[in-house]
Amino acid sequence: LDKYFFIDYHNCMMMQINKHLKKEQKGEDRGCCGIPGIPEPRFLKAFSDSTRLRILAHLVEAKEPQMVSEIAKNFPIDVSVVSRHLAILRDEGILLAEKQGKEVYYLVRYEFLSSIFRGFASAIESCCPPKEKTEK
């Protein structure tokens with residue numbers, strides 16, 4: 001990759017964000033940073049913890065809903081910590097919690113995640129279309 005590749009994309013995104021922030025201040029635009037398709041920071045922050053990512057990966061690999069105790073068996077941390085991480089993922093819509101009797105089962109919301117990340121990718125592509133590479 002060109003060493004300025006990421007700088008160009010960063011500058012493009014910042015210009016778009018600033019443009020939309022001005023519109024938002026005037027009440028003309030809505031959404032995170034004023035750009036439709038950009039997820040809220042707290043949603044992205046849910047992915048910023050390595051334990052949460054491992055829990056999410058475990059649920060993906062399990063391919064079926066699991067109870068907190070089943071999930072916790074796979075991690076060297078207390079059940080209460082696993083439960084707290086699951087609550088964060090649930091609160092951001094990444095996981096669905098289904099209560100069955102006294103137990104709560106967690107499962108991944110695949111369609112929701114696909115929709116969010118497709119929208120995010122689309123927002124980035126519409127803001128900063130890829131530059132054609134030139135041969136040297």
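Any read-out appearing in this document is the output of simple, stated calculations on the displayed coordinates, not a laboratory observation. Predicted, not measured: the structure shown is a model, and the values here were computed from it. Note that we place each Cβ from the backbone using ideal geometry, even for glycine, and neighbour counts take in every protein chain shown.
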| message | Starting from the 7 Å offset along Cα-to-Cβ, what nm value, one decimal, do you get for the label separation of Val104 and Val79? | response | 1.3
| remark: Measuring from its Cα centre, segment 42-111 shows a charge dipole (+1 at each Lys and Arg Cβ, -1 at each Asp and Glu Cβ) which, in debye to the nearest 20, is 160
| query | Each label point is 7 Å from the Cα along the Cα-to-Cβ direction; what then is the distance between the points at Glu111 and Met67, in nm? | reply | 2.8
| field | Relative contact order (%) - criterion: Cα under 8 Å, at least six apart; region: segment 42-111 | value | 34
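For segment 42-111, what mean projected area does the convex hull of the alpha carbons give, in nm²?
If you wrap the Cα atoms of segment 42-111 in a convex hull and average its projections, you get 4.5 nm².
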